[in-house]
Amino acid sequence: MARIMGITLPDEKRIDYSLTTIYGIGWGNVGKLLKLTNVSPDKKVKEITEEELRRITEALEKDFKVEGDLREVINGDIKRLKEIGSYRGSRHIKGLPSRGQRTKSNARTKRGKRKTVGALRKEAWAKLEAGKTAEAVKEKPKAK
């Protein structure tokens, strides 16, 4: 069981795939990292020696921003955009997509669950009204 930067890498997977579980390391960076440390991307994590693991860790700390450091940089960039009042910053404040995507029909992840606004059918409206009147009768205090 190998641990790098506080992340446990899955033993049965190849090292190139396993390293992508680290925040900030993707497929492009994995190739550069393994070439830099002279580790074969075909090896599984359980086949990696302590020396190779140490070389990977040192290269990650020296040449790449990953995990907490990268998150701090990104959050600082977003905070700066909000403070200077840029359009992208205002989109972050409102919780909407900031890179030009359409929001009329998509962006459900950013905007959240749908909230129905506008017309209701007669039956649905009648049920809603009946529920309100029933609650009002229950809550009405008794006069003595």
**Request:** Sort through 102, 71, 54, 80 and tell me the only one that's within 27 Å of residue 7 (Cα to Cα) and out of contact with any Phe, Trp or Tyr (no Cβ under 8 Å at 6 or more places or on another chain).
**Result:** 54
**Item:** Among (1) under 30 Å from residue 8 (Cα atoms); (2) at pLDDT below 90; (3) of a type outside the set (Lys, Arg), the one test that residue 123 misses
**Value:** (1)
**Prompt:** With respect to residue 67, is the statement that it is at pLDDT below 90, farther than 25 Å from residue 97 by Cβ and among the charged types (D, E, K, R) true?
**Reply:** yes
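The values are calculated or read from the model by the stated rules, or taken from the named source; none is laboratory data. This is a predicted model, so every value here is computed, not measured. Backbone-built Cβ (ideal geometry, glycine too); neighbour counts: all protein chains shown.
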